[in-house]
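Notes to accompany the following structure.
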Amino acid sequence: MLIGLYGFGSINRLVALEAIKRGWEIVGAIDIDENIIGKDIGELIGLDREYGVKVSRRPLELVEADVVIHATGSFLDKVYDQLINVVEMGVDVVSTCETLAYPYYRYPILSRKLNEKALEYGVTVIGTGINPGFLLDTLPIVLTAPFNIVEKITAIRSLDASRRRKSFMRKIGVGMDPEEYVEKLKKGIYTGHVGYAESILLIADAAGIHLDRIVENQDPVIASEKIRVGEYVVDKGRVAGIKGYGIGYYKGREIIRIELYASLGAEEYEEIIVKGDEYEVRWKSNGTPGDKGTVAVLLNIANIMPTLPSGLLTMNDLIPFKPMFR
């Protein structure tokens, strides 16, 4: 398979490494960072040789790809033109853009336009990743398969922020003054986690129901004492991470709850609880590596892109299970 990389930050560098391990070919990599433009990707991903592809600022370098892995931003309105660039080349796109996982909620007009353009050029566009895209939405949907009637789904993810890349640490405010971080969250300077509503709506959409309302919130986790985790030190009273949730209401009651905890030294796990009208099932992991998990989802979806219909899709278009809520 021929892969193009739109954005060559930490995620797509890992994509490049894993794609090469699979025996796939990287045909192009583009970015806007002047510090890496013109450099061979082999050097940037730690190969002991030049790969033969240099980072460029020209999207047309990706025209020979079978699939482009797009990893540049979280909000569809900011990356829409980038996606259109690829679509108009006639190339399929898998994107890490969190709001593209279920874009109809925040961007109904852009979603319609993107779908129309994808259909016009006969290509497939899908937003996915580890979260949103799998752990707190696709996986809970699959886990409803042994239920006739679902009463409620609760999906929780807890992760140790110190194990994540530094850009993630920045966006959850590690080490900052809490008041300053909250203010910058409100202004959109920092995002925390993006995707509570998208995960909720993927589940609701799979069930074919229209929610009454959705509530999202996230707050800083404040260190109650000095925290030392590896190379990281956070003083008492400073931000150690975030805690957030999203809730979906149907017929006046809470039926979907998404919770995320990301802070220094936190326990790593995912837990999904599906409550039916007669019984309840709990699934719990010992944690999923965020970046490597994201890359695996991206490449596994890229692998089946030639079999998918054209247009703007969500992960629900790939899942055979459809939960039935009372």
Candidate set: the range 64-83, residues that are touching a residue at least 12 places away in the same chain (Cβ under 8 Å) and surrounded by fewer than 16 Cβ atoms within 10 Å (Cβ to Cβ); chosen: the one nearest to the chain's Cα centre (by Cα)
ASP77
Scanning the range 160-216 for residues that are under 18 Å from GLY293 (Cβ atoms) and polar (S, T, N, Q) gives SER162, SER167, SER199
I'd like the residue in the range 1-51 that is hydroxyl-bearing (Ser, Thr, Tyr) and in contact with a strand residue (DSSP E or B) (Cβ under 9 Å, 6 or more places away or on another chain) and, out of all such residues, is farthest from LEU62 (Cα to Cα).
TYR51
Within 27 Å of MET176 (Cβ to Cβ) and touching a helix residue (DSSP H, G or I) at 6+ places or on another chain (Cβ under 8 Å), is that true of GLY230?
yes
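Conditions tested, residue by residue: (1) at pLDDT 95 or above; (2) buried (at least 16 other Cβ atoms within 10 Å of the Cβ); (3) among the hydroxyl-bearing types (Ser, Thr, Tyr).
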{"site": "GLY290", "(1), (2), (3)": "no, yes, no"}
{"site": "ALA296", "(1), (2), (3)": "yes, yes, no"}
{"site": "ASN300", "(1), (2), (3)": "yes, no, no"}
{"site": "ASN303", "(1), (2), (3)": "yes, no, no"}
{"site": "THR307", "(1), (2), (3)": "yes, no, yes"}
{"site": "LEU313", "(1), (2), (3)": "yes, yes, no"}
{"site": "ASN316", "(1), (2), (3)": "yes, yes, no"}
{"site": "PHE321", "(1), (2), (3)": "no, no, no"}
Checking the conditions here, which among ILE11, ILE32 is within 23 Å of GLY129 (Cβ to Cβ) and crowded, with 17+ Cβ neighbours inside 10 Å?
ILE11
Of the residues GLY252, GLY265, only one is surrounded by 14 or more Cβ atoms within 10 Å (Cβ to Cβ), at positive phi and outside the structural domain of LEU110 (by TED's automatic domain parsing); which?
GLY265
Can you confirm whether ASP219 is over 15 Å from PHE168 (Cβ atoms), out of contact with any Ser or Thr (no Cβ under 7 Å at 6 or more places or on another chain), loosely packed, with under 13 Cβ neighbours inside 10 Å and among the charged types (D, E, K, R)?
no
Which ones in the range 146-155 are among the hydrophobic types (A, V, I, L, M, F, W, C) and surrounded by fewer than 18 Cβ atoms within 10 Å (Cβ to Cβ)?
ILE149
Taking the stated definitions as given, is TYR245 out of contact with any Gly (no Cβ under 7 Å at 6 or more places or on another chain) and either without any contact (Cβ under 8 Å) to a residue 24 or more places away in the chain or assigned to a strand (DSSP E or B) (or both)?
yes
Here are the criteria: (1) surrounded by fewer than 19 Cβ atoms within 10 Å (Cβ to Cβ); (2) in contact with a strand residue (DSSP E or B) (Cβ under 7 Å, 6 or more places away or on another chain); (3) over 17 Å from ALA240 (Cβ atoms). Tell me which single one SER158 does not satisfy.
(3)
Any residue that is surrounded by fewer than 22 Cβ atoms within 10 Å (Cβ to Cβ), of a type outside the set (Ser, Thr, Tyr) and touching a residue at least 24 places away in the same chain (Cβ under 8 Å) - is there at least one of those in the range 90-102?
yes
With criteria (1) assigned to a loop (DSSP other than H, G, I, E, B); (2) without any contact (Cβ under 8 Å) to a residue 60 or more places away in the chain, ARG282 comes up short on (1)
Can you give me the number of residues within the range 170-186 that are touching a Phe, Trp or Tyr at 6+ places or on another chain (Cβ under 9 Å) and touching a residue at least 12 places away in the same chain (Cβ under 8 Å)?
8
Answer yes or no: is there a residue in the range 238-250 that is farther than 25 Å from LYS184 by Cβ and aromatic (Phe, Trp, Tyr).
yes
Qualifying residues in the range 155-171 (those that are part of a helix (DSSP H, G or I) and among the small types (Gly, Ala, Ser)) - the one nearest to PRO140 (Cα to Cα)
ALA161
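The values are calculated or read from the model by the stated rules, or taken from the named source; none is laboratory data. Note that the structure is predicted; figures quoted are calculated from it, not measured. Neighbour counts run over all protein chains shown; Cβ positions are idealised from the backbone, glycine included.
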